[in-house]
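Data block below; observations after.
Read-outs: derived from the displayed coordinates by stated rules, not from any lab. For clarity, every value in this text was computed on a predicted model and none was experimentally measured. A quick note on method: Cβ atoms are made from the backbone with ideal geometry, for glycine too, and the neighbour counts reach across all protein chains shown.
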Ligand SMILES: [Zn+2]
């Protein structure tokens, strides 16, 4: 859409004729050319007409709104896949810890049963029982360590899931905002 007027611009050096230098920054109507014509029309004139974008496109600001809303929505959407991937990785890590824990618990139970032979008065049972008691202590420490690591991962997972929930909610809001601004722009263009 063509604007009804323009701003006269000169190259602003010493060679600009004084009559044009006087017009620098002034507004003229396309329908009423000043003496010598519009910028660039006069012999050797290097001046140009600066369009007022906002005037040239009456929907300019609506288009900016629409583009900004779209950009925000797209930026936002782009974050979601990596968060989803992080959540899946954490879930796998937690499953790994759960598996480790089930094995460690079985080992602990086995050591617990084995440690009972300490009461049987036979040669070597005391040694075997002693080893089993030590093994129990090691396994219980390992179980606590694994449980602590798993708690940490679970807390991380909860945090990420919360971020994901907020992102999804914001994304819905941004999507609606984008749709509205798009409609407003299209209405403006159609009017
Ligand atoms: Zn000129």
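The table for this structure:
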{"read-out": "Inter-site label distance for residue 68 and residue 165 at 7 Å from Cα along Cβ, in nm", "value": "3.1"}
{"read-out": "Two-site label geometry, residue 117 and residue 19: point separation in nm, points 7 Å out along Cα→Cβ", "value": "11.7"}
{"read-out": "Where labels lie 7 Å past Cα in the beta-carbon direction, separation of residue 26 and residue 84 in nm", "value": "6.2"}
{"read-out": "Dmax and Rg, reported as Rg then Dmax, of the stretch 30-100 (C-alpha, Å)", "value": "28.4, 90"}
{"read-out": "Global geometry of the stretch 5-56, whether rounded, prolate or oblate, following the gyration tensor of its Cα atoms and the 1.5 cut on a/c", "value": "prolate"}
{"read-out": "The chain: angle of helix 60-115 to the longest principal axis, Cα-based, in degrees nearest 10", "value": "10"}
{"read-out": "Packing-based exposure ordering (other Cβ within 10 Å, fewest first) of 4, 115", "value": "4, 115"}
{"read-out": "Residue-span extension gain [residue 110 to residue 49] - 0.36 nm each, minus C-alpha spacing", "value": "12.9 nm"}
{"read-out": "FRET efficiency, 1/(1 + (r/R0)^6) with R0 35 Å, evaluated for residue 75 and residue 154 via beta carbons", "value": "0.75"}
{"read-out": "Global geometry of the stretch 60-190, whether rounded, prolate or oblate, following the gyration tensor of its Cα atoms and the 1.5 cut on a/c", "value": "prolate"}
{"read-out": "Stretchable slack from residue 127 to residue 93, in nm (0.36 nm times residue separation minus alpha-carbon distance)", "value": "8.5 nm"}
{"read-out": "Tilt relative to the chain, helix 125-190 - C-alpha long axis, 0 to 90 degrees, to 10", "value": "20"}
